[in-house]
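Participant: So that we are looking at the same thing, I have put the structure below in structure tokens.
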Amino acid sequence: MATLLRSKLSNVATSVSNKSQAKMSGMFARMGFQAATDEEAVGFAHCDDLDMEHRQGLQMDILKSEGGEEGAEPPLEGDIHYQRDGTGPLPPSASKEMGGCSELSGQGKPKITAWEAGWNVTNAIQGMFVLGLPYAILHGGYLGLFLIIFAAVVCCYTGKILIACLYEENEDGEIVRVRDSYVDIANACCAPRFPTLGGRIVNVAQIIELVMTCILYVVVSGNLMYNSFPNLPVSQKSWSIIATAVLLPCAFLKNLKAVSKFSLLCTLAHFVINILVIAYCLSRARDWAWDKVKFYIDVKKFPISIGIIVFSYTSQIFLPSLEGNMQNPKEFHCMMNWTHIAACILKGLFALVAYLTWADETKEVITDNLPSTIRAVVNIFLVAKALLSYPLPFFAAVEVLERSLFQDGNRAFFPNCYGGDGRLKSWGLTLRCALVVFTLLMAIYVPHFALLMGLTGSLTGAGLCFLLPSLFHLKLLWRKLLWHHVFFDVAIFVIGGICSVSGFIHSLEGLIEAFRTNAED
């Protein structure tokens, strides 16, 4: 009897130890896109990995229920703790089972409120790329304003149906969460014939969007500095090289703990800059060119504007983890409504007011239209924000590439880029530096903010926000959908596909032409 009692006490102690080890090391980002944790934080697109927390939490529930059973074996350490920061890499078996998730989880993990979730979504869809929206109005007029409203409505709807794909009805008629991420939804749609194809497509789209975002940050940094100090004998390409030299230490990043501290400050600074631009525009309200805003559209350039507008609304990639980390997931729909309504109003007003002020003189980055005395100050703040924002998508892209190509257990294409002590190998560091240099080369040869933004929005933005959510919703839940849901999904898929193809073709043509011009120069 005493032996049995000691055995049960030992198992309970083991279970408590495992649960303690599996507790979440931090909560999803309260500021910007990243998660500010004590050990590791990741960029907004890497938030798909955070969705694994829910699954791990379910595993800990099982541990709790089985902890008192005699002979119960504790899980492997790698199954609940991703050892990265100098403590060794994740074991292959755990990496294969958990998809390389780098976040800790378990019961008792902190949850975020609907307001905090709304702050994350607002940061995703109200970033500095709204500076390109007045340029979209230049080529679209009132139709461009309508598209800002339409994109908000559609992205809000597709965000909701994407979350609906995470849930299914069990045998008792209860709605339960059976999937954890965008990748899980994609794999479920392609199963059983191609069980991993959907996830690979989503990962590729995610990597493209992340790398293109990094390129845009370098482009906008060079553009803003060049237009802030036009009298200096420094070209835009040279400013881009200087910006990249500042960003090169990003290759040595092991986590985003230091960078995350600046996120809230950068976001608040950006809102202040937007207010300053609007205030200047309002001061010139008497000169607004209302007659310039027409229903006429530039057939050649308006498709590019579609990509710009869609790109400014992209947030679907991290919504599954956001909803999974909310205190009350039932408030998700309400949160999506007010965040997208607010974004629609603010973006529409900002784009219209800025275009009315400068009309046909509106530039790709609207701050370039400001007077030289104001422009330099505003642009320096924007450059600082761009440089501090660069590590987020860069680190997320590196994580996805390392997990897919170097750390995916037996399915990895290349040897692990981390040593046994968890340190990055020299050739792994070289690949990171090469990625930084690649963003520089793209920024040098195609220094066109609007074209790159339009291309990204048409390719990955429309795919992740319009096409895939509607397709997945039809595939997984079509038997339970009402006719008007089916109609909306089909309409969004068709319209999104047309806009995506049209915008991609025109953006690509513009980029090729710009590339040839730069090559000749």
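Participant: Using a 1.4 angstrom probe and counting only protein chains, how large is the accessible area of His448 in Å², to 10?
Facilitator: His448 has an accessible surface of roughly 50 Å² with all protein chains in place.
Participant: With every protein chain kept in the model, how would you rank Glu364, Glu331 by accessible area, 1.4 Å probe, largest at the top?
Facilitator: Glu331, Glu364
Participant: For segment 248-386, which whole percent of the accessible surface, found with a 1.4 angstrom probe, sits on carbon and sulfur atoms?
Facilitator: 69 percent
Participant: Per residue, what accessible area does segment 420-499 have, given a 1.4 Å probe and all protein chains present, in Å²?
Facilitator: Ligands and nucleic acids excluded, the result is 48 Å² per residue.
Participant: Take Ile444, Ile149 and sort them by solvent-accessible surface of the protein heavy atoms, 1.4 Å probe, largest at the top.
Facilitator: From most accessible down to least: Ile149, Ile444.
Participant: Solvent-accessible area of Lys300, probe 1.4 Å, all protein chains present, reported in Å² to the nearest ten, please.
Facilitator: So the heavy atoms of Lys300 present about 130 Å² to solvent.
Participant: Which entries of Lys160/Lys480; Lys363/Lys385; Lys160/Lys363 have Cα-Cα distances beyond 26 Å here?
Facilitator: Lys160/Lys363
Participant: Hey, what's segment 133-256 come to in accessible area per residue, 1.4 Å probe, Å²?
Facilitator: Here the residues of segment 133-256 average 41 Å² of exposed surface.
Participant: To the nearest 10 square angstrom, how much accessible area does Cys499 have with a 1.4 angstrom probe?
Facilitator: Cys499 has an accessible surface of roughly 40 Å² with all protein chains in place.
Participant: Then there is this: How much length, in nm to one decimal, is gained on full extension between Leu232 and His333, taken as 0.36 nm per residue of separation minus their Cα-Cα distance?
Facilitator: 31.3 nm
Participant: Just to make sure I understand: if all protein chains stay in place, what is the order of Asp172, Asp368, Asp360 by accessible area at 1.4 Å, largest first?
Facilitator: Ranked list, largest accessible area first: Asp172, Asp360, Asp368.
Participant: Could you work out the mean projected area of the convex hull around the alpha carbons of segment 302-360, in square nanometres to one decimal?
Facilitator: Spelled out: convex hull of the Cα atoms, projected over all directions, averaged, 5.1 nm².
The values are calculated or read from the model by the stated rules, or taken from the named source; none is laboratory data. Note that the structure is a prediction, hence the values are computed from the model and not measured. When the accessible area is computed, the model is the full protein with side chains, heavy atoms only, and any ligands, DNA or RNA have been set aside. Shrake-Rupley method; radii C 1.70, N 1.55, O 1.52, S 1.80 Å.
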